[in-house]
Each structure stands twice: as structure tokens, then as C-alpha cells.
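Written out below as C-alpha cells is the structure these notes cover.
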Amino acid sequence: MERNRKLPTWVVGVVSALWLYQPSGTMAAEAGMADAISADPGSAVVLSEPASDRSKLLDMIAGWLAMNYDLPRPDDLPDLVVTAPERLAVLRYGPDADPAYGDDLVAVYSDSERRIYLAPGWDPATPAGLSAIVHEMVHHLQNAAGMRHACPGEREALAYAAQEDWLGLFARSLESEFGIDRGTRKLLTMCMY
């Protein structure tokens, strides 16, 4: 049976409003993060606190994922952390990664830290920006449930499917927003051994 992955318009509005609402001064503080992080590649800025509006958004995304993809809801939510591209490369590819690999990364989930790391240029006010959170939240739910996969590509398959469906709610796609066409997605989600 095919599930309906469309959110009612009012839910999309609530999600957008929760994300875009910022207490006074928060947007100004976050606007200067990219300069501070690029000056110190080892630095990071945690964006979410337990009772924040961001946590409400993460909980809504976790609910959407649980409802549409049979993933169990986690007991906890990950922190959102903005960090330098060089650190994203190490988190994604390991300690010997070429720092330049981080330039193409938008977000990375750390299983051990239970955090979503985001690039300094990440934009939460766009469907593409939120879709990066959806993708990484899939990994958080998989991790929280103790799911095991035959290979990293197998783990990515559901994350890319959820991200594509999320973008579809806004008449966008992985290809239009990130240049990931069906062939590339197939390669990214294959076990190659």
C-alpha cells in the first residue's frame, strides 16, 4: 500500500513558522557565525537547546519520518551544530580526509555524538535547507533504533528517499536543489562490494 507523503498545507505552514520564528537578537547572532567559524575551522556553534523552537521543528520532522517511513520516534533529538567545511569532511570521510571535500557538504550526522553538523552557508529558510535536516534526521532515527545496514549506501537510500519526498512537498527535487539525479542517487545508495 502506497502511503500519502504529502503534508496538509497547514502543517507546512506551522513547520515553516516554527523554524523562521527567532527570539529577538538570535538571527543577528547567527548571521555572524560563518565569519567566526571560517576564522577557526575547529570551532562549532550549537544552534538548538532542549526547549527551543528548533527542537519543536526536529520533533515534527521526526514525527513525519515515523509516520511515512515506519521509523521509530527517538527518545531524544540531536543538536544542530554549525561547523567549518574542513570539520564536515573529517566527520564524513574520516581523519585523513582532504579538507576540500567539505566544500561540497551541507550536513553530516554523527552517530557517536548524536548531532547534525551543518555547513556555515546552510539556510534554514529554504526547502533545500530543511531537506538537509530531514536527510540527517533519518540517520538519527536509524541510529536511535539501532538499525544496521549492509553498507553505507544502503543506509543512505532511505535518507535520500525522505529528502526527495520532502522537497516534493515544495515542487522541488534533489536534482533541482543539489544536482543529484536518479543515476547519481542510485550510485550513492549502492553497496559496491
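Please specify each residue of the stretch 169-193 satisfying the condition of being in a helix (DSSP H, G or I), of a type in the set (A, V, I, L, M) and open to solvent by 50 Å² or more (accessible area, probe 1.4 Å).
187, 188
Is the stretch 136-147 home to any residue that is over 18 Å from residue 66 (Cα atoms) and open to solvent by 60 Å² or more (accessible area, probe 1.4 Å)? No; the residues of the stretch 136-147 include none that is over 18 Å from residue 66 (Cα atoms) and open to solvent by 60 Å² or more (accessible area, probe 1.4 Å). Taking the stretch 99-115 as the region of interest, how many residues are open to solvent by 30 Å² or more (accessible area, probe 1.4 Å) and either in contact with a Cys (Cβ under 9 Å, 6 or more places away or on another chain) or at pLDDT below 90 (or both)? Total meeting the criteria: 5. Looking at the stretch 150-168, can you tell me whether even one residue there is free of Cβ contacts under 8 Å to residues at least 12 places away in the same chain and in a loop (DSSP other than H, G, I, E, B)? For the stretch 150-168, residues free of Cβ contacts under 8 Å to residues at least 12 places away in the same chain and in a loop (DSSP other than H, G, I, E, B): absent. What do you reckon, is residue 95 assigned to a loop (DSSP other than H, G, I, E, B) and more than 18 Å from residue 141 (Cβ to Cβ)? In short, yes. Only one of the numbered conditions (1) modelled with pLDDT under 95; (2) over 13 Å from the mean Cα position of the chain (by Cα); (3) not acidic (Asp, Glu) is violated by residue 119, and that is (2).
If you go through the stretch 116-127 one residue at a time, do you hit one that is assigned to a helix (DSSP H, G or I) and either buried (at least 17 other Cβ atoms within 10 Å of the Cβ) or among the basic types (Lys, Arg) (or both)?
Start the filter on the stretch 116-127 by keeping residues that are assigned to a helix (DSSP H, G or I), which leaves 127.
Checking the rest, the ones that are also either buried (at least 17 other Cβ atoms within 10 Å of the Cβ) or among the basic types (Lys, Arg) (or both) come to 127.
Within the stretch 116-127 (the criterion being assigned to a helix (DSSP H, G or I) and either buried (at least 17 other Cβ atoms within 10 Å of the Cβ) or among the basic types (Lys, Arg) (or both)), the answer is yes, since at least one residue qualifies.
The values are calculated or read from the model by the stated rules, or taken from the named source; none is laboratory data. Predicted model only: the values in this text are computed from it and were never measured. Glycine gets a Cβ as well: all are built from the backbone with ideal geometry, and neighbour counts include every protein chain shown. Heads up: the accessible areas ignore ligands, DNA and RNA and are worked out on the full protein's heavy atoms, side chains in. Shrake-Rupley method; radii C 1.70, N 1.55, O 1.52, S 1.80 Å.
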